[in-house]
Each structure stands twice: as C-alpha cells, then as structure tokens.
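Right, one structure below, let's go through it.
The values are calculated or read from the model by the stated rules, or taken from the named source; none is laboratory data. In this text the structure is predicted, and so the values were computed from the model without any measurement. Every residue, glycine as well, gets a Cβ built from its backbone with ideal geometry; the counts of neighbours run over all protein chains shown. For accessibility, only protein heavy atoms count, side chains too; no ligands or nucleic acids. Shrake-Rupley method; radii C 1.70, N 1.55, O 1.52, S 1.80 Å.
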Amino acid sequence: MRFVRTAMLALVIAGAFFYFTTWRSNARLAGSDPAKWFTQPAHVEITEASGGEGLDSEEQNNISVYRKNIPSVVNVTSRAMSFDFFYGMVPQEGQGSGFVIDKDGHILTNYHVVADARQVEVTLHNRKKYKATVVGTDPAHDLAVIQIKAPDLVPAVLGDSRNLQVGQKVYAIGNPFGLAGTMTRGIVSSIRPVREPNGATIDEAIQTDAAINPGNSGGPLMNWHGEVIGINTMILSSVGQNAGIGFAIPINTAKAVLNDLMTLGRVRRPALGVRTIPISAELADEMGLAADYGLLIVQVIPGGSADQAGLHGGTERAYLGNIPIMLGGDLIVAIDGEKVEDEQDLSQMMNNHRAGDSVKVTIYRGKKKLDVNVALGEAREQV
C-alpha cells in the first residue's frame with residue numbers, strides 16, 4: 001500500500017513538472033493544439049537577385065559563337081554490319097558529329113565516324129533527318145566528306161590553323177553521348193604530332209582541354225571569332241571519357257585535301273619524288289656539307305617531280321652505319337622559305353599542299369645555294 005502511494009505521488013509530481021515547464025508554455029503560444037506549435041506565416045520572405053543583370057563581354061561572346069555555329073553542326077549516325085560469333089552478322093550503330101561546309105550539302109567529318117558504314121544519316125539542329133552519301137574519304141588524315149540534299153543550309157566559316165598560340169580560347173560544338181548541340185570551352189593546350197588508334201599520324205594536332213567526349217568526333221573546334229580551326233577527332237583517356245586532353249585535326253590539313261575529296265573521292269597526296277636522310281651537325285661536318293641541317297637527297301625517283309625539276313640524287317656510294325646510302329646529292333634546306341630539318345617537317349609541308357601545286361625548294365648543290373621550282377606529283381610511297 002505504501003508502494004502504491006509512493007508511485008502515485010511520483011506520478012503527480014512528474015505531471016505537475018510537465019504542465020508548468022512544457023505544456024503550459026507552449027499552450028500560451030499556440031493554444032492547446034500541439035499541431036499549432038509550429039508557426040505558419042502568411043507570407044514567405046526569400047532573398048532574390050536583383051533583376052536585369054547584364055551579360056559580361058565573355059558571356060556575350062560565348063553566346064555569339066554558339067548561335068553563329070549551331071545551325072552548321074550536325075549529328076552523324078552510321079550503321080554498319082559486324083560479325084558476332086553466336087548471331088552472325090548483326091547491325092552496329094555509331095554516332096559522331098560534323099559540320100556543313102557549303103550550301104550544296106557537303107559535310108566534313110572524321111573518317112572513323114563513317115568507316116565501313118552501309119547507311120549514314122544526318123540530323124540537323126532543327127531535328128530534321130536526311131540520308132547522306134559518302135563523297136570522299138582520307139583515312140590517312142581521318143577525314144571524310146559526306147553530302148545531303150537539304151534546303152537553307154548554313155555553312156560554317158573555315159578559319160586558319162596556322163600560328164595558333166598555346167593559351168588562346170577555343171570552343172567545341174558536337175553531340176557528346178548523343179546530346180545534340182552541346183558546346184564546351186577551353187584553350188589550346190599544345191600543338192604536337194599525335195598517333196591515332198588506327199596508326200595514322202596527325203601532324204601539328206591541336207591539343208585542347210575543352211571537354212570532348214565520344215560523339216564529338218568530326219565536330220568543329222573554333223576560335224573566339226567562331227571560325228573553324230580544327231576537327232575534333234580523339235581523346236586521351238583511360239576511361240573513354242573526357243580527361244582534359246582532346247585533339248583536333250588542323251583545319252588547314254582538311255582544306256588542302258577538300259577539293260580532291262569532293263571531286264575525286266580520294267586524296268592525291270603530293271610528293272617531291274625523292275628519298276632523303278636527315279642531316280645533323282656531325283654528319284654535315286663529316287660530309288663537308290654547306291649547311292648543318294636539312295635533308296640530303298640520296299635518290300631521285302625516275303620520272304618524278306624532283307627528277308623533272310632537275311634536282312640531283314647521290315652518286316657516291318657510302319655507308320651510314322650498316323645502311324648503304326648515296327652521297328653527293330642536293331641538300332634540301334627550305335621549301336617556300338620554311339626551314340626543313342627532317343622528314344617530319346617535309347611531311348607537314350606536303351600536308352598543306354596537293355598534287356599539282358608548285359613549290360620553291362631551296363637547296364645546296366655543293367657550296368652553291370639554289371632555288372628550284374618543283375611541281376608536286378602524286379605520292380605513292382615516297383614524299
């Protein structure tokens with residue numbers, strides 16, 4: 001009985017404590033309904049930015065570049081057949097980008113976007129779809145031209161990729177992962193030769209940190225004026241996605257072969273028609289040459305461009321290590337006033353020309369310096 005009285009007393013004390021310390025104070029604020037303990041204001045006040053904020057000059061330029069070029073950028077879908085061990089021949093679909101280069105519907109893109117395709121479809125920025133025909137391909141430069149029949153096309157403005165500077169702003173527009181009309185921005189990170197997965201080498205490739213992902217291939221890389229200076233072609237990444245290292249083919253490389261691609265369907269690669277060896281200061285001293293750099297002609301291809309222009313190959317047999325060579329030929333030191341030090345320099349210069357072009361080749365014949373005009377022929381294996 002005493003225990004019951006003690007428990008009742010404790011319960012009364014606890015109830016009184018709750019009444020005076022909690023329930024009574026809340027009831028004064030919100031009445032006796034616990035649901036009204038939280039306030040419900042009639043008007044919610046938030047902090048908003050002041051309206052009418054203008055765009056800065058950089059934002060305005062970004063928008064201008066996008067609006068200027070988005071009508072020219074297209075999505076390219078290719079369909080090919082691949083062999084599956086269990087199912088035999090199965091259809092395979094790939095996506096990339098491209099851009100319109102004239103009102104006749106010619107579109108420049110990457111070769112690997114349309115390689116082995118049985119069907120190519122182009123989607124414009126207005127979502128209209130057209131079947132495309134492959135007009136010409138250049139696997140060595142990973143370039144291709146396709147064509148559609150569509151009205152009111154807006155060609156992109158092709159710029160100049162010479163004298164690009166590391167640090168200048170660039171923009172990329174394409175369809176990464178199929179997300180049409182995406183623009184990213186970055187800078188020119190470097191200018192360097194790059195070997196593509198198929199083994200082809202891009203001379204003076206434009207490296208950029210503008211986000212480039214699968215689906216951007218074939219799309220334009222533009223300068224801050226909105227002029228196309230490159231064709232986005234590949235990324236360097238261990239995960240197959242943007243890691244800040246993307247590469248574009250210089251637009252001048254494409255412009256040098258566009259006429260052949262559109263008229264012949266292939267590229268007549270230009271060539272001097274010579275076999276050469278690079279000259280170092282040590283070799284020049286041993287051979288008694290007039291310059292300590294350049295390309296020594298060891299053989300002139302009979303009937304080739306150099307032969308017809310009167311350039312001389314070697315006549316004196318010698319050995320470079322274990323390799324037999326011919327000495328006494330002309331030493332090429334420049335082409336069109338640009339210094340030539342090795343085969344890579346020569347290859348880059350050839351990429352800026354096409355068969356039939358005439359170039360001025362500066363040589364040393366013995367100690368005498370000469371300028372010889374050479375009409376470039378069509379390459380086979382030699383440059």
Restricting things to Cα coordinates, could you compute the convex hull volume per residue of region 248-366 in Å³?
131
Quick calc: nm separation of the 7 Å Cα→Cβ label points for residue 48 and residue 64 -> 3.2
For residue 274, list long-range residues whose amide hydrogen, built 1.01 Å from N in the peptide plane, is under 5 Å from its own amide hydrogen.
301, 383
Taking amide H atoms as placed 1.01 Å from N in the peptide plane, list the residues 5 or more away in sequence, or in a different chain, whose amide H sits under 5 Å from that of residue 376.
356, 357, 358, 359
What order do 196, 286 take when sorted by accessible area (1.4 Å probe), most exposed first?
286, 196
Could you give me the ³J(HN,Hα) list for region 123-137, computed from phi with Karplus coefficients 6.51, -1.76, 1.60 and θ = phi - 60°, whole Hz, x at Gly and Pro?
10, 7, 5, 8, 6, 7, 10, 9, 6, 10, 10, 7, 8, x, 9
At R0 = 41 Å, how high is the FRET efficiency between residue 371 and residue 133 if r is their beta carbon distance? Nearest 0.05 is fine.
0.40
Potential extension, residue 11-residue 268 segment - 0.36 nm per residue separation minus Cα distance
82.2 nm
With every protein chain in place, region 115-256: carbon and sulfur % of accessible area (1.4 Å):
50
Under the Karplus relation 6.51 cos²θ - 1.76 cosθ + 1.60, θ = phi - 60°, what is the ordered set of whole-Hz ³J(HN,Hα) values for region 296-309, x standing for Gly and Pro?
8, 6, 9, 8, 9, 5, x, x, x, 4, 5, 4, 5, 7
Kindly provide log₁₀ I(q)/I(0) values, in the same order as q = 0.22, 0.30, 0.32 Å⁻¹, from the Debye equation applied to equal alpha-carbon scatterers of region 146-198.
-1.16, -1.15, -1.16
Quick one: length gained pulling residue 190 to residue 224 fully straight, 0.36 nm per residue minus the C-alpha distance?
10.5 nm
Projected area averaged over all directions for the convex hull of the alpha carbon atoms of region 148-253, nm², comes out at 7.2
Could you list which residues have their amide H under 5 Å from that of residue 74, counting only those 5 or more apart in sequence or on another chain, with H placed in the peptide plane?
98, 99, 100
